[in-house]
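Enquirer: To start, I am sharing the structure in question, which I have written as structure tokens.
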Amino acid sequence: MALTMNQLRTLLDPDEPNYTQIRALLQPDDVPNLEALATGPDLMLASKAAYALSLIGTLPARDALARLAAAGPLQVRIAVASGLPNLRGLDVSALVTHLLADPDFNVRKGAIKASRALKLTALAPRLQTIAASDQVPALRQLAADALDELR
Amino acid sequence: MASVLDLARINDSGDLAGGVGDIAAVAGPDAMLVTAVRTEARTLKLITWRLNSAGPVTRLGDSGAAAGVASDLAIAVGALYVVACRTSDGKLKLISWEIDATGSAITRRGDSGNAAGEATLIDVVSLSPSLFVTACRTGAGDLKLISWRLNRDGSLARLNDSGSAAGRVSEIALCKLASNRVATAVRDGSGNLKVITWSVSAAGEVARLGDTGTAAGRATLIRCVVDAGGLLITSVRAADGDLKLISWRVSSDGRAITRLGDSGEQAGDIGDNSLVALPDGVVSGVRAANGSLKLIAWSVDGSGRFTRRGDSAAQAGVASQIQLVAGPRAIGAPRHSVALATALRTAAGRLKVITWGPPVVRLHVKILVEPTTFTRAEMLQGMRDVFASVGFGVEIVSEETLDLPPLQTVDVGACAGETTTEQERLFANRNNVGPDDIVAYFVLATNPPLNGCATSPAGRPSVIVVQTASRWTLGHEIGHVLGLRHVNDRNRLMTGGGTGNITNPPPDLVPAEQSTMIDSRLSVPA
């Protein structure tokens, strides 16, 4: 049975949520409520809900994350990028590719690190482009380091 | 704003002094403390100390073997420092000392010769640079006040005395009411506290003005001070063994002494007792039931009502011969300074000087991304409000903007003891911050998303606060750094349910949390 909105809030409202505990409590049918929280006005709660979606690790959760990546505010997109490594085993190339092109470098940073963590060798050309021309020098280096590891 | 009555231990003199019997102490200029002690050889020695605002109390100098056997020590400062003591033949003697500005040169200038007879329970005050008054119990057991003139050559000339104007006493405390008036708080022949006021003319004429009659009960360990509001405050061990403070108003002519109020049941059983007036209250220094030193801070309002502000908890060990001396700190002083010093005899019988001041968190702010849900100013004010409720100040020592784009989002892992590579890189940006100072880094977000995180490596106490954190997250994370844990109460700062859900702002800190914060080496006296 899905957790209620209040139950989810209780889990996510702490200043330092215990995501290990949260992962153990979440079920696939919690996706709709988490997505609702992730699109709400409270950006702190929204970012935590987005990250919690990644902990579910199902295709519906991935698809919800993709919608958030496409339309969410910056804090939520950063949380989506942060949660990408939790989606191991799913096809996330399109989602990661989208985030690698995000206008905000903090999101791109998370996506680069996810590419490396998930060993997404198919994204090497995109990482090569970032390593060569991203406007943020630190990201160029981060992408180059990721490429080195993927090769 | 932290009161000077919120006391945290700053430092002490370590093992810089030897064994002592009696101790008397008085404040000198420029944060100097002068102690007069009875050494293990039973001789009088003066030792000077610097009450440093940070670091240990340093010993400046001593008087060497310039004085003989003495006991019943008291000290006051006028044009020179004057020690009143009981000599080896049991007589009262006053000795004057010159101490240079550095405190390292202590020179005996003169004394009172054989101008006084047998005396015990000696106390002394200065009414002007050259006029001193002693109070003592004579060989017959009676209270006697004697006035003295300090001559230019350092000798002390007896001017006059109180004659037979007072009766039997078994304890004496003497305090200055005005430049021409003193009060004695004594244990009378019946064992009761009695306050007697005296006028002392410029020529040294001593006249009894009035007394409290039977307005106070049985008492021992009697002390007295005049507070910043001009009330006379006596401090005693009452018949039940508990500390009791009583406030008195002395009329303008000194003849009427009205009891205003007392501290009631706000303090427990005590051994030793000492009392000092600070700019916004008084502090008792007592030996608690377990033998250790405890300082208790009191506010005294204009009507003489006492409110216990707090105490020093378990910040000091076993002590006796406790002496309190006000430090140089002013109310609201923005930087570290000493509010109070205690000179005491440790369990090993050695003299130790301990400095005390209001606790403060020294915070450096480093901004990578400004917070938006609440402004940085709102977060800092929120923290100040909550910390002030338990007497803690928050000192913003520095603010710096860090241009570190790669660290605007920071991996924090589980935020539970281990720091990540990115946290290490962020916390490396301390830029000359002291090891006991806390740095708050304002960032865009953490990975995973948290309001903040207080995990930091040893020697680099730090917190991270994200852009969308609550008003109280900063204080909450600093609370963690000071040793506080989560609680299941949404009225409290350390709620584990999210500071965004605090139901009754500002959130609370409870006394046990205050003690933990004071015990933290990261809360330093201001």
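Enquirer: Fully extended, how many nm does the chain gain between A:Asp42 and A:Ser133 (0.36 nm per residue separation, minus their Cα-Cα distance)?
Expert: 29.3 nm
Enquirer: Select from segment B:28-129 those GluC sites (Glu not before Pro) which occupy a DSSP coil region and have at most 14 other Cβ atoms within 10 Å, ordered by residue number.
Expert: Answer by residue number: B:Glu40.
Enquirer: For segment A:1-18, which residues drop by 30 square angstrom or more in accessible area between the chain on its own and all protein chains together (1.4 Å probe)?
Expert: Listed in order, they are A:Asp13, A:Pro14, A:Asp15, A:Glu16.
Enquirer: Report the label-to-label distance for B:Asn151 and B:Asp385 in nanometres (one decimal), using points 7 Å from each Cα along the Cα→Cβ vector.
Expert: 6.6
Enquirer: Can you give the Rg to Rh ratio for the protein assembly as shown, taking only C-alpha atoms and Rh from Kirkwood?
Expert: 1.16
Enquirer: Could you give the distance between the Cα centres of segment B:78-146 and segment A:91-106, to the whole Å?
Expert: For segment B:78-146 versus segment A:91-106, the Cα centre distance is 85 Å.
Enquirer: Assuming R0 = 22 Å, what is the FRET efficiency of A:Ala117 and A:Ala24, from their Cβ-Cβ distance, to the nearest 0.05?
Expert: 0.55
Enquirer: Give the lysines whose C-alpha is closer than 17 Å to that of A:Lys119, dropping any in the same chain fewer than 8 places away, or say none.
Expert: List returned: A:Lys109.
Enquirer: Label B:Glu378 and B:Ser170 with points 7 Å out from Cα along Cα→Cβ: what is the distance between them in nm?
Expert: So the label points at B:Glu378 and B:Ser170 sit 6.5 nm apart.
Enquirer: Working with all protein chains in place, sort A:Arg151, B:Arg50 by solvent-accessible area computed with a 1.4 Å probe, largest first.
Expert: Largest accessible area first, the residues go A:Arg151, B:Arg50.
Enquirer: Report the accessible area of A:Tyr19, computed with a 1.4 Å probe over the heavy atoms of all protein chains in place, in Å² rounded to the nearest 10.
Expert: Rounded to the nearest 10, that gives 20 Å².
Enquirer: Across chain B, how many lysine pairs, 8 or more apart or on two chains, come within less than 24 Å at their alpha-carbon atoms?
Expert: Lysine pair count for chain B: 14.
Enquirer: Which one, B:Leu493, B:Thr473, B:Val412, projects farthest toward the positive side of the charge dipole computed for segment B:394-526 from Cβ point charges (K/R +1, D/E -1)?
Expert: B:Leu493
Enquirer: Something else about it: Can you list, bin by bin at 20 Å, the percent of alpha carbon pairs in chain B, starting at 0?
Expert: Once binned at 20 Å, the Cα pair distances of chain B give 22, 46, 24, 8, 0.
Enquirer: Using protein chains only and a probe of 1.4 angstrom, how many square angstrom of B:Lys93 are accessible, to the nearest 10?
Expert: 50
Enquirer: With all protein chains present, calculate the accessible area of B:Thr401 using a 1.4 Å probe and round the result to the nearest 10 Å².
Expert: 110
Enquirer: Another question, then. Can you compute the helix-only [θ] at 222 nm over chain B? Use -39500 (n - 2.57) per DSSP H run of at least 4 residues, normalise by all residues, nearest 500 deg cm²/dmol.
Expert: -2000 deg cm²/dmol
Enquirer: Cross-link candidates for A:Lys113: which lysines have Cα within less than 23 Å, leaving aside residues fewer than 8 places away along the same chain?
Expert: A:Lys48
Enquirer: Can you list the residues of segment B:342-373 with backbone N under 17 Å from a point 7 Å past the Cα of B:Glu399, pointing along Cα to Cβ?
Expert: Only B:362-373 pass the distance filter.
Enquirer: Would you please classify the overall shape of segment A:1-90 from the alpha carbon gyration tensor, given that a ≥ b ≥ c denote the square roots of the eigenvalues, rounded means a/c under 1.5, and beyond that prolate means a/b larger than b/c while oblate covers the rest?
Expert: Rounded.
The values are calculated or read from the model by the stated rules, or taken from the named source; none is laboratory data. Computed from a prediction, not measured in an experiment: that's the story for all the values here. Reconstructed Cβ throughout: ideal geometry from the backbone, glycine too, with neighbour counts over all protein chains shown. Please note that ligands, DNA and RNA were not included when accessible areas were found on the heavy atoms of the full protein model with its side chains. Shrake-Rupley method; radii C 1.70, N 1.55, O 1.52, S 1.80 Å.
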